[in-house]
Amino acid sequence: MPSNAAVIAALVVLVPTFLGLYAVLGSPVGAALVAVGVAVLTGLAGQSVAVVTRRGRLTRRVSETNRRVATLAARVTDADTRVALLRACGTIPRLLDRTETVDPADLSMTSRKLLDYLVSVESALRRYVEIQDHRSAYRDAEALLIRSRRTLAGFEAFAAHSAEQIGEADLASFFRDLAHLELMNPLQLPPSEER
């Protein structure tokens, strides 16, 4: 469905184009046909720009949320949990870059999934740091922290699994390219032993 901005841009172009062409050509049908064509092209261009803008905005939100998670992760006192969280945060930008390279059409969907996951990680991690820093304010704080560590460790597995999926898609094209090259440049056959 076209964005509102694309439709408005098409309508804004339609009227003056029609009036200008009608004044020059004197034919309402000819002016209308050309004006509608120009308006449709404008709408399509506007739609493409809107998609790219939305995709860029979504990717920036993922990056910003990931930075906030990394900042919170740096405050975690449990070394194993902190390292796992920071490794996962380091994987996210590479995951976005690989997705954009391998399958740009999938970038919006991947970014939405990452953003949903990161928002939950950020919320849980914010509470984890709060409990960690103010243990006396929470009944059974140590049990809460232990459970949270196990759950937050899943972030690294999620990031690694997502990166593997993108990598596998990339390897499929790699092997396809190798097969194509082998067909175009067959390996040299060993010299015949018969002389």
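Arrange the peptides 63-69, 146-152, 83-89 so that the one whose residues have, on average, the most other Cβ atoms within 10 Å appears first. Walk me through the intermediate numbers first.
On the way: 63-69: 18.3, 146-152: 15.0, 83-89: 20.1.
With the highest mean Cβ count within 10 Å placed first, the list reads 83-89, 63-69, 146-152.
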(message) Give me the extension gain from residue 19 to residue 103: residue separation times 0.36 nm, minus the current Cα-Cα distance, reported in nm with one decimal.
(response) 25.9 nm
(message) If you count only protein heavy atoms with a 1.4 Å probe, what accessible area per residue comes out for the range 101-146, rounded to a whole Å²?
(response) 60
(message) With a 1.4 Å probe and all protein chains left in place, how much of the accessible area of the range 78-118 comes from carbon and sulfur atoms, in whole percent?
(response) 52
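The values are calculated or read from the model by the stated rules, or taken from the named source; none is laboratory data. Note that this is a predicted model, so its numbers are computed, not measured. Positions of Cβ are backbone-derived with ideal geometry, glycine not excepted, and every protein chain shown enters the neighbour counts. What goes into the accessible areas is simple: the full protein's heavy atoms, side chains included, and nothing from ligands, DNA or RNA. Shrake-Rupley method; radii C 1.70, N 1.55, O 1.52, S 1.80 Å.
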